[in-house]
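The values are calculated or read from the model by the stated rules, or taken from the named source; none is laboratory data. Since the structure is predicted, the reported quantities are computational estimates derived from the model, not experimental observations. Ideal geometry is used to build each Cβ from the backbone, glycine not excepted, and the neighbour counts take in all protein chains shown. Remember, those area values only see protein heavy atoms, side chains included, never the ligands or the DNA or RNA. Shrake-Rupley method; radii C 1.70, N 1.55, O 1.52, S 1.80 Å.
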Amino acid sequence: MTFNITRRALMLGSVGSAATVGLAACSGGQQSEEDRPLRIEAADTTLFQRNFNPYSGTPLQGSSGLIYETLRLSTPMDVRNPEPWLATEFEWNDDGTVLTTTLRDDVTWTDGESFDVEDVVFTFTMLRDVPATNTSALAVVDAVATGSHAVEITFETPTFAQEATVGDLPIVPEHIFSTFQDPSAEQVEHPVGTGPYRLDRFSDQLYTFIRNDEHWMAEQFEVKNLAWPSYTTQTMATALQAGDLDWTSDFIPNIETIFVEHDPEYRGYWYPGNSIVNLTFNLEKELWQDLELRRGISLAIDRQQLADIAMYGYVEVPHPTALPRPTFEEFITEDYRDLEFTVDLDEAEQVLDDAGYERGPDGIRVTPDGTPLSFSLQIPSSYTDWIIATQVLNQQLGQIGIDFIPQGVSFGVWDETLTMGNFDVTISSVVAGHNPWFMYRSMLSSEYAPDEEGAVTANFQRWKDEESDQLLSDYATTEDEVEQQKAVAGLQQIVVEQLPAIPVITGPAWFNYNSRFWTGFPSEDNPYALGQPVITADRTIILQRLTRTENDGGVT
């Protein structure tokens, strides 16, 4: 899944004047109601850098999916039914190492060139030849055209489980990107895509897209204009409150009061689970390898209190399998369907007593060698919800004689500490991804072993378990859904019984909308996609469904 997710805004401030002026001009009286733009939160920034290269590290929102299209559209809300897009068919060989994709034949680039198999061949061989573009780490061996509309892509290892990732990659024009010395570094200011939108205007505080009327599905995109104004996380909330934005993906405290109550007929939000925030222990340290210690801690955590205080009650408590709900509800095995975390301080005390962690004179428990169970728990000081969560955690665990003392640090310090394993306990999150395999792989796979410098990019607790690896492999080497579900069930059992990490908070897909002018956004009653405008596939799926709201068109 392609993400560009901004961080949370807690503090309200004033809206940047230039962005406001630019947006007003874009949506002002010179445009008809039909052409009124959909106003989308783009990024946490005051100034845009003009770059629409989807394979650079910092492409502007909308580059992937809306300008550069993908082969398929896959949303985690409907894992088993991806929508054909530039590709009409996907067909794997028996072992999942060769994918034959059939392309549609009615597609052109916005400069008039025809889209063809060479564009797909180029894109996938670029991933192989320019590793910096291969951010999904697909093991591409080769890509060759096997017909006028067919491309055969070969992978080094079985890639069934990453089918959605393959389909989610933006396809770029061979006749342009082949001229770049480094496709991962080229600054693309005038993008040429096949997508349903093209760049219209650009300034460093506002850029706009206009519908590509030559697109093969143009008639299904009723929204003709998209506006992407710049806001910081401090100014975005004020803009949302004022009705200056239609679609955002940031955390807003007291959302009902600050946002919804100003226009309850049209304003809303929906925060389905899309990640899990885990209490993360460094399992390379002998202390934390003690399951009874981890179990005692888990028993003392009141996750409902965490959800109510740290997350304003926006999300439900995490499921013991760590599968976020409702996103992956269907994958929770029947044995665990009704399982919930329970808070039992008496049992927690008993578990820790039995495991040899006695209380010291100050009430803090100590290890058998006398070391107090008192630890600094570092979190980024800008992650206000995590700071609140750790404060609550410390209060809860203090009841059983364990200190997890919150310590706010810069994001860089926290990230380095996390990736290098220089911690006892911290908090980290795991994104759901396209299917449960992605999430469990990030949590449990030993393929994320430390590199030569000792860093890891996932599995931050450094869980190493042959059974986990085998189950992940079992899933990845078959496209049989029954066999895949068996593997997922086994992984759930490991997470529930062995607590490699302890889920404490459900991480939501933040999504706020104002349907006064455009309607059809997903909701709890119609969960056809995740609502965040920063997700490539879901964004495109949603734009297909939006229609003009039938109202007086008045200003809120």
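If you go through region 506-556 and keep only what is of a type outside the set (Phe, Trp, Tyr), open to solvent by 10 Å² or more (accessible area, probe 1.4 Å), under 21 Å from Gly62 (Cα atoms) and in contact with a Ser or Thr (Cβ under 7 Å, 6 or more places away or on another chain), you end up with Ser515, Thr519, Gly520, Ile541, Thr547. For region 62-93, what are the residues that are of a type in the set (Asp, Glu) and modelled with pLDDT of 95 or more? Residues satisfying the conditions are Glu69, Glu83, Glu89, Glu91. Summed over region 259-288, the residues that are basic (Lys, Arg), in a loop (DSSP other than H, G, I, E, B) and in contact with a helix residue (DSSP H, G or I) (Cβ under 7 Å, 6 or more places away or on another chain) give a count of 0. The set of residues in region 506-524 being more than 30 Å from Ala389 (Cβ to Cβ), assigned to a loop (DSSP other than H, G, I, E, B) and in contact with a Leu (Cβ under 6 Å, 6 or more places away or on another chain) consists of Gly520 alone.
Within region 242-264, restricting attention to residues that are in contact (Cβ under 8 Å) with a residue 40 or more places away in the chain and surrounded by fewer than 19 Cβ atoms within 10 Å (Cβ to Cβ), the residue that is nearest to Thr426 (Cα to Cα) is Pro253. Annotation: of all residues in region 412-455 being touching a strand residue (DSSP E or B) at 6+ places or on another chain (Cβ under 8 Å) and part of a loop (DSSP other than H, G, I, E, B), the one that is most open to solvent (accessible area, probe 1.4 Å) is Asp424. Checking every residue in region 138-149 against the condition of being touching a residue at least 60 places away in the same chain (Cβ under 8 Å) and within 18 Å of Thr536 (Cβ to Cβ) gives zero matches. Of the set (1) surrounded by 15 or more Cβ atoms within 10 Å (Cβ to Cβ); (2) among the basic types (Lys, Arg); (3) over 23 Å from Gln493 (Cα atoms), all apply to Arg295 but (3). The set of residues from region 525-553 being among the hydrophobic types (A, V, I, L, M, F, W, C) and not in a loop (DSSP other than H, G, I, E, B) comprises Ala537, Ile541, Ile542, Leu543.
The residue of region 389-411 that is nearest to Gln350 (Cα to Cα), among those that are open to solvent by 60 Å² or more (accessible area, probe 1.4 Å) and assigned to a strand (DSSP E or B), is Ile405.
Restricting region 83-103 to residues that are touching a helix residue (DSSP H, G or I) at 6+ places or on another chain (Cβ under 8 Å) and open to solvent by 30 Å² or more (accessible area, probe 1.4 Å) leaves a set whose member that is farthest from Ala537 (Cα to Cα) is Phe90. Among residues that are farther than 25 Å from Gly421 by Cα and of a type outside the set (S, T, N, Q), Asp246 is included. For region 342-357, check the following and say yes or no: at least one residue is within 22 Å of Ser428 (Cβ to Cβ) and either open to solvent by 40 Å² or more (accessible area, probe 1.4 Å) or touching a Phe, Trp or Tyr at 6+ places or on another chain (Cβ under 6 Å) (or both). No.
From the list Glu156, Glu174, the one residue that fits, being surrounded by 20 or more Cβ atoms within 10 Å (Cβ to Cβ) and of a type in the set (D, E, K, R), is Glu174. Selection of first residues in region 109-126 that are in contact (Cβ under 8 Å) with a residue 24 or more places away in the chain and within 15 Å of Pro183 (Cα to Cα) and of second residues that are assigned to a helix (DSSP H, G or I) and open to solvent by 20 Å² or more (accessible area, probe 1.4 Å), restricted to Cβ pairs under 6 Å at least 6 apart or on distinct chains, gives the following pairs, ordered by first then second residue: Asp119/Glu174; Phe122/Glu174.
Of all residues in region 178-191, those satisfying the criterion of being surrounded by fewer than 21 Cβ atoms within 10 Å (Cβ to Cβ) and touching a helix residue (DSSP H, G or I) at 6+ places or on another chain (Cβ under 7 Å) are Ser178, Ser184. Taking residues in region 383-396 that are closer than 17 Å to Ile502 by Cβ and small (Gly, Ala, Ser), and partners anywhere that are in a loop (DSSP other than H, G, I, E, B) and open to solvent by less than 30 Å² (accessible area, probe 1.4 Å), the pairs with Cβ atoms closer than 6 Å and at least 6 places apart or on different chains are Ala389/Ala310.
The residues of region 475-488 that are surrounded by fewer than 18 Cβ atoms within 10 Å (Cβ to Cβ) and more than 13 Å from Gln162 (Cα to Cα), listed by number, are Asp480, Glu481, Val482, Glu483, Gln485, Lys486.
Of all residues assigned to region 313-330, none qualifies as being at pLDDT 95 or above, open to solvent by 80 Å² or more (accessible area, probe 1.4 Å) and of a type in the set (D, E, K, R). Checking each residue in region 69-97 for being touching a Phe, Trp or Tyr at 6+ places or on another chain (Cβ under 8 Å) and assigned to a strand (DSSP E or B) picks out Arg72, Leu73, Trp92. Does Pro59 satisfy the condition of being at pLDDT below 95, closer than 29 Å to Tyr231 by Cβ and open to solvent by less than 10 Å² (accessible area, probe 1.4 Å)? Spelling it out, it is not the case that Pro59 is at pLDDT below 95, closer than 29 Å to Tyr231 by Cβ and open to solvent by less than 10 Å² (accessible area, probe 1.4 Å). Can you find a residue that is aliphatic (A, V, I, L, M) and assigned to a strand (DSSP E or B) anywhere in region 190-203? Yes, that holds for at least one residue.
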